[in-house]
Amino acid sequence: MRLHVNIDHVATVRNARGTPYPDPVRAALVCVGAGADGITAHLREDRRHIRDDDVARLRAALGVTFNLEMAATDEMVGIAVATRPEVVTLVPERREERTTEGGLDVAAEVARGDDLRRRIGTLLAAGVRVSLFIAADEAQIRAARELGVQQIELHTGEYAHPRAGPERARQLDRLRQGATLAHGLGLEVAAGHGLTRENVVDLVQIPEIVELNIGHAMVADALLFSMAGAVVAMRDAIVRGRA
Ligand code: PXP
């Protein structure tokens, strides 16, 4: 199971104050040092967390897989072709949403015209692996396969958000069926969104899922796990100043 850490919300904390810290690239290198298999970052149209120079610095600094999430637009495809991350995950994006709220409706995009197919073709021709962030629904999975991508990422939000119980069990079963179908069609299967140390335990029992992209809960854990260290370090600086 590959664990890719999404470092977007390190940038959210930085941007809240306009300071240079915390640097998402430094955080990414800490994640790699601790055993992360890859780093994921979402360059949003409004640049609310990761910015263009973060993308360039991540590309230069990382020796592990860089998974760049982006909307399927010509601007973003241009950035990806110039940056050449190992993987681009295409996600839906609406300006007003707080986070990526649903999967990409690839079945509808394919029916609508050739834009998505053309953009995927540009990425594949540049040697970038393409993953599509979709719901675990048969029509979406088959449409992704038809578009010639190597990978899908199943949206786990509807599994992750309800508390443990029948709805969560139903969503887990949906993910299991989707992963089995996708794997049978030759697609590699990743999963992500809303995953925590609590809900990941059942999800990883689906053997066809070979990669997880996890961000918000890990940044939240990082804050609490290391807050004591921050207090000790600040106390130390104060004591040194007084001495
Ligand atoms: N995978 C994709 C495609 C995403 O868009 C996101 C959120 O940016 C994640 C994974 C990570 O979700 P979370 O921050 O809830 O762990």
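FYI, it's all coordinate maths here, none of it is from the lab. Every value quoted in this text rests on a predicted model; they were computed, and no experiment measured them. Cβ: placed from backbone, ideal geometry, glycine included. Neighbour counts: every protein chain shown.
Near the amide H of Asn6, within less than 5 Å, lie the amide hydrogens of Thr40, Ile214, Gly215, all on another chain or at least 5 residues away, with H placed in the peptide plane. Taking the chain as the reference, fit the longest principal axis to its C-alpha atoms, fit the long axis of helix 8-17 to the helix C-alpha atoms, and give the angle between the two in degrees, 0 to 90, nearest 10. Long axis of 8-17 versus the principal axis of the chain: about 50 degrees.
Note on the chain: with charges restricted to the Cβ of Lys and Arg (+1) and Asp and Glu (-1), its dipole about the Cα centre is near 820 debye.
Extension gain for Asp37-Ala111 works out to 23.1 nm (0.36 nm per residue, less the C-alpha to C-alpha distance). As an exercise, use a Förster radius of 35 Å and the Cβ-Cβ distance of Thr196 and Glu75 to find the FRET efficiency, rounded to the nearest 0.05. E(calc), rounded to 0.05, equals 0.60. Can you work out the FRET efficiency for the pair Arg98 and Leu223, with r the C-beta to C-beta distance and R0 = 22 Å, to the nearest 0.05? Working from the Cβ atoms, E equals 0.70. Just report the Cα centroid separation between region 114-153 and region 1-80, whole Å. Going from one Cα centre to the other spans 21 Å. With both labels modelled 7 Å from their Cα along Cα-to-Cβ, the Val232 to Asp52 distance reads 4.2 nm.
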